[in-house]
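See structure below.
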Amino acid sequence: MRLSTAIVAGAALLALASCGKKQEAAAPQALTAATVDGAAIVNADQHPGLWLSYGRTYSEQHYSPLKKIDASNVGQLGLAWYADLDANRGMESSPLVVDGVMYVTSAWSIVYALDAKTGERKWTFDPKVDKARGQKACCDVVNRGVAIWKGKVYVGTIDGRLIALDAATGKPVWEKVTVDQSKPYTITGAPRVIKGKVLIGQGGAEYGVRGYMTAYDAETGDQIWRFYMAPNPEKKPDGAVSDKIFADKANATWDDKGEWTEAGGGGTPWDAIVYDPDLDIVYIGTGNGSPWNRRLRSPSGGDNLFLSSIVALKPDTGEYVWHYQTTPGESWDYTATQPIILADIKFGDTVRKVLMQAPKNGFFYVLDRATGELISADAFQDINWATGVDMKTGRPIENPAARYQEPFLTIPGPLGAHNWHPMAYSPDTGLVYIPAHTIPSLYADMQNFEYRPGFWNTGTDFSAGALPTEPKARAAALAGLEGQLVAWDPVARKPKWVHKYPADPWNGGILATAGGLVFEGALDTRFRAFDAATGDVKWEIDTQYPALSGPVSYEIDGVQYIATTAGWGTSLPLSGDFALPKLGSPDNGRVLVYKIGGTATLPPYDTFPPDPTPPAADFGSQQMVEHGKDVFFRNCMVCHGESAKSGGITPDLRWTMIAASKDDWKDIVVDGKYAHSGMAGFKGGISPPDAEAIRAYVIARAHEDASRAAQPDAPPK
């Protein structure tokens, strides 16, 4: 009897213990960098206080379930802490936060681990990129962040390496060169880790490369598969997983001859990588053609797959599933590398698994992510290169003039109606929040194109200027520059509300929160919180530098934080000559973190006007100056401004004394005297006489603007 009682009692205790274990297993376990894996990212909502991957979850909605900061108290948001970083170029990184540690990158692919509560630096890893590589980066030497997986932090570098670091120490574990470093490839995007594989693409199509996506073993760095986005130059197999689809379908969409055989074709997948664990499909956004101009790239025409496309692949093997091409026969740098969002949305009585993207071309696409079926495509801002999308064919209805056989002021220009800046989706409002930009550009056909290995090769004649040169037309184009935060309703297929940034066409990435707020920084150095339902501005603060990266939110000890990165740089400020709100010394970028009741303050920001004194007398004939302008546009504009007017990040050539001396100018521009600091030489791309013509143009611009400074009412140049 006693034995039976003991057995029953023991069984009861075991049952209770088992029940306790089940209850314990049901509760989310604390995560560390060592325990972040696919299950953790899939179940990220069980850990709302963390930010585990680039868009927080595999769906990349850039939405935080945290709601302690809301419309009722966001006005009390203040700076909790800031951290100065080690590079003074563009900041595009979205931080990751796990176990109280923030992992973030700066320009030049430098990685930092910071205490997420205080900002104290735990470790730094500098991959020591050769600064001369900056010449090959079309849009600044930026980096958008890292990935975390089972105790390792992964970063892609501007010179094409993929590096795995120990998350605890920052020490390298393995390193792989993912590109042919003799070619102008770069990596600016954040890696993604899916099923134990690190996926990474690359950029460089403006200079002439062939794009591809590669998967590496997260533990060892061994290559698992590669999928090319443009054909083999001889249309032969590469021994890659993409061979079959190119033989079956894609090769036939390219001319057998054309500049693509030298320039690589393009299609570089430099940003969007999104995964659906239920369908087990990864979606890749691909880039523009190389050269841009299809007349040169593929003279007989053709859609040129897989340029400007969304390509669906199986993550284990890279096997092709489906694709959708947003811009067939791409000719404008209209990439489809812009952020992709996955969501389940109800249309009428049916919930559909959709993929949403607002690429550069200005249309907002909703696709069935299982099949690639086009559900809707609508312009999210005013555009003039197309009038709509044919829903039967899925193809844009092009304006014939947009293919610029004659010069055409196109909207959008190559910076796009939406660029790299993350957009966000709120399941609470059902709205997608798009950082939109109105930036026109004048395209003109290049008649005498010659491919130059390793240099700017767009096939577009920039001698006409990115904007019109005739004063009234130029003034009108400049007046039309604008940024918008568009709250897009994907069911109603129209904006719910729009917040405009007049004359500020480079507003930043988006964070949506369960607190009913949307956060965004802008070029005007203001970081704002909007009411997610109405667009009303609820809070704003001066960030000193533009905070353009995708903000994130996290929680420590019951306190919700909002974090972003800020700095001078990225493509528009670097290449444009638009009126920035303030210029100062090129101080290093920062991480800025806010909380309710934060009382930290930033140090004073020193501004200074340039001394508008030309460094030398005008010289050279008008023909020489015009030639110098042409060479400048083809080589220098992307870093030194569209009219040789720097945006404050790189030296303003109009006022620097290096322009005063022919020999000093040649030493720098041709021979690369300052390659160690990012100003690589153009030997082989710019001859000494061409360099002297550029100097004549720059000095002529200095004299123009010095005289114009005394005439503030004169039309802009």
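Taking every residue in segment 290-311 that is over 23 Å from C138 (Cα atoms) and touching a residue at least 40 places away in the same chain (Cβ under 8 Å) and pairing it with any residue that is in a loop (DSSP other than H, G, I, E, B) and of a type in the set (F, W, Y), at least 6 positions away or on another chain, the pairs with Cβ-Cβ distances below 8 Å are G302/W254. The residue of segment 310-356 that is surrounded by the most Cβ atoms within 10 Å (Cβ to Cβ), among those that are over 30 Å from Y443 (Cα atoms) and polar (S, T, N, Q), is T317. Filtering segment 539-560 to residues that are crowded, with 24+ Cβ neighbours inside 10 Å and either over 16 Å from N507 (Cβ atoms) or of a type in the set (A, V, I, L, M, F, W, C) (or both) leaves A547, L548, V552, S553, Y554. Against the conditions (1) surrounded by fewer than 20 Cβ atoms within 10 Å (Cβ to Cβ); (2) touching a helix residue (DSSP H, G or I) at 6+ places or on another chain (Cβ under 9 Å), E175 satisfies every one except (2).
All of (1) more than 30 Å from I200 (Cβ to Cβ); (2) touching a residue at least 40 places away in the same chain (Cβ under 8 Å); (3) not acidic (D, E) hold for A336 with one exception: (1).
Scanning segment 92-145 for residues that are over 16 Å from A168 (Cβ atoms) and part of a strand (DSSP E or B) turns up V104, T105. Just one of the numbered conditions (1) assigned to a loop (DSSP other than H, G, I, E, B); (2) out of contact with any Pro (no Cβ under 8 Å at 6 or more places or on another chain) is not true of G55: (2).
Scanning segment 299-323 for residues that are touching a His at 6+ places or on another chain (Cβ under 9 Å) and of a type in the set (A, V, I, L, M, F, W, C) gives L305, F306, I310, V311, A312. Of all residues in segment 377-436, those being among the charged types (D, E, K, R), outside any strand (DSSP E or B) and within 27 Å of L467 (Cβ to Cβ) number 3.
Here Y283 fulfils each of the conditions (1) under 21 Å from T371 (Cα atoms); (2) free of Cβ contacts under 8 Å to residues at least 40 places away in the same chain; (3) in contact with an Asp or Glu (Cβ under 9 Å, 6 or more places away or on another chain) apart from (2). Pairs are defined by a Cβ separation below 7 Å, a sequence spacing of at least 6 or placement on different chains, a first member in segment 131-160 that is more than 16 Å from L572 (Cα to Cα) and in contact (Cβ under 8 Å) with a residue 24 or more places away in the chain, and a second member that is of a type in the set (A, V, I, L, M, F, W, C) and in a helix (DSSP H, G or I); the pairs so defined are K131/A675; A132/A675; I148/A33; K150/A34; G151/A33; G151/A34; I158/W108.
Among the numbered conditions (1) modelled with pLDDT of 85 or more; (2) assigned to a loop (DSSP other than H, G, I, E, B), the only one that S646 does not meet is (1).
Scanning segment 651-685 for residues that are in a loop (DSSP other than H, G, I, E, B), crowded, with 22+ Cβ neighbours inside 10 Å and of a type outside the set (D, E, K, R) returns L653, F682. Pairs meeting the criteria (first residue in segment 681-706 and over 16 Å from V625 (Cβ atoms), second residue of a type in the set (K, R) and part of a helix (DSSP H, G or I), beta carbons under 7 Å, at least 6 apart or on different chains) are P688/K666. Mind listing whichever residues of segment 387-408 are buried (at least 18 other Cβ atoms within 10 Å of the Cβ) and closer than 23 Å to K494 by Cβ? Result: V389, R395, P396. Looking at the structure I just gave you, is V241 surrounded by fewer than 23 Cβ atoms within 10 Å (Cβ to Cβ) and either modelled with pLDDT of 95 or more or not in a loop (DSSP other than H, G, I, E, B) (or both)? Here the answer is yes, as V241 does meet what is asked. Taking segment 355-378 as the range and being more than 17 Å from Q61 (Cβ to Cβ) and more than 21 Å from the chain's Cα centre (by Cα) as the test, the residues that pass are D368, A370, T371, G372, E373, L374, I375, S376, A377, D378.
Test A492 against the stated conditions and say whether it is out of contact with any helix residue (DSSP H, G or I) (no Cβ under 7 Å at 6 or more places or on another chain), among the aliphatic types (A, V, I, L, M) and surrounded by fewer than 18 Cβ atoms within 10 Å (Cβ to Cβ). Spelling it out, A492 is indeed out of contact with any helix residue (DSSP H, G or I) (no Cβ under 7 Å at 6 or more places or on another chain), among the aliphatic types (A, V, I, L, M) and surrounded by fewer than 18 Cβ atoms within 10 Å (Cβ to Cβ).
A residue that is at pLDDT 80 or above, in a strand (DSSP E or B) and under 25 Å from the mean Cα position of the chain (by Cα) occurs nowhere in segment 567-584. Within this structure, A87 passes the test of being buried (at least 20 other Cβ atoms within 10 Å of the Cβ), aliphatic (A, V, I, L, M) and at pLDDT below 95. Of the residues making up segment 270-284, those that are assigned to a strand (DSSP E or B) and of a type in the set (F, W, Y) are Y275, Y283.
In the set A514, A529, A503, A533, only one residue is in contact with a helix residue (DSSP H, G or I) (Cβ under 7 Å, 6 or more places away or on another chain), over 13 Å from A566 (Cα atoms) and either buried (at least 22 other Cβ atoms within 10 Å of the Cβ) or in contact (Cβ under 8 Å) with a residue 24 or more places away in the chain (or both); that residue is A529. Please indicate, with yes or no, whether at least one residue in segment 60-81 is under 30 Å from G641 (Cβ atoms) and charged (D, E, K, R). There is no residue in segment 60-81 that is under 30 Å from G641 (Cβ atoms) and charged (D, E, K, R).
Looking across segment 250-269, just one residue is assigned to a strand (DSSP E or B) and within 11 Å of P233 (Cβ to Cβ), and that is G265.
The values are calculated or read from the model by the stated rules, or taken from the named source; none is laboratory data. Note that the structure is a prediction, hence the values are computed from the model and not measured. FYI the Cβ positions are ideal-geometry reconstructions off the backbone, even for glycines, and counts take in every protein chain you see.
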